[in-house]
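Since the structure comes first, as structure tokens, the remarks are kept for the end.
Taken together, the values in this text are just the output of simple stated rules run on the coordinates, not laboratory data. Predicted, not measured: the structure shown is a model, and the values here were computed from it. As a convention, Cβ positions derive from the backbone with ideal geometry for all residues, glycine included, and neighbour counts pool all protein chains shown.
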Amino acid sequence: MAQHNDTGKQGEDEAVRYLEQKGYHVLERNYRHQHAEIDLVARKGRLLIFVEVKTRSNTRFGHPEEFVTYTKARLVMKAAEHYIFTKDWQHDVRFDVVAVTVFPEEVTIRHLEDAFH
């Protein structure tokens, strides 16, 4: 597997661990609909959260959350719409970004709630 794939998988694993420690229940990983993918679908109470995880091994070119593009946000929202419909979800939803930076000596996590407006 390519190094960037390993880094992305590690970031996703860290994001799951972080969210579960914060009381979220992760329902799905890598949910796909057509060309769109949602990294994580989580639930906290009656709130369904669609999470985009961005992972970087350094911040030389910017922080991970800066790499969530408008196009990516739209794709996530489209896949979320399909998920909501197929699961007949009748409560609130939110779109978050979990930014993970994997440094050799530490991992930092930044959770941006309600990241897509």
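Its Cα centre serving as origin, the chain has a Cβ charge dipole (Lys and Arg +1, Asp and Glu -1) of approximately 220 debye.
Helical content of the chain, expressed as a calculated mean residue ellipticity at 222 nm, amounts to -11000 deg cm²/dmol (DSSP H runs of 4 or more residues, -39,500 (n - 2.57) each, divided by residue number, nearest 500). For V16, neighbours were defined as the other residues whose beta-carbon sits under 14 Å from its Cβ, and their charges (Lys and Arg +1, Asp and Glu -1) total -2. For the chain, the fraction of C-alpha pairs more than 17 angstrom apart is 53%. Please determine, in degrees from 0 to 90 and to the nearest 10, the orientation of helix 3-21 with respect to the longest principal axis defined by the Cα atoms of the chain, where the helix direction is its Cα long axis. Helix 3-21 sits at roughly 60 degrees to that axis. A crude spin-label estimate for the pair I84 and R46, with each label 7 Å from Cα along the Cβ direction, gives 1.6 nm. Each residue of region 31-43 was assigned a 3J(HN,Hα) from its phi angle through the Karplus curve 6.51 cos²θ - 1.76 cosθ + 1.60 (θ = phi - 60°); the sequence is 6, 10, 9, 6, 9, 9, 9, 10, 4, 9, 10, 10, 9 Hz, with glycine and proline shown as x.
Rounded to the nearest 10 degrees, the angle from helix 70-87 to the longest Cα principal axis of the chain is 40 degrees.
Taken as Cα centroids, region 62-101 and region 9-25 sit 16 Å apart, rounded to the nearest whole angstrom.
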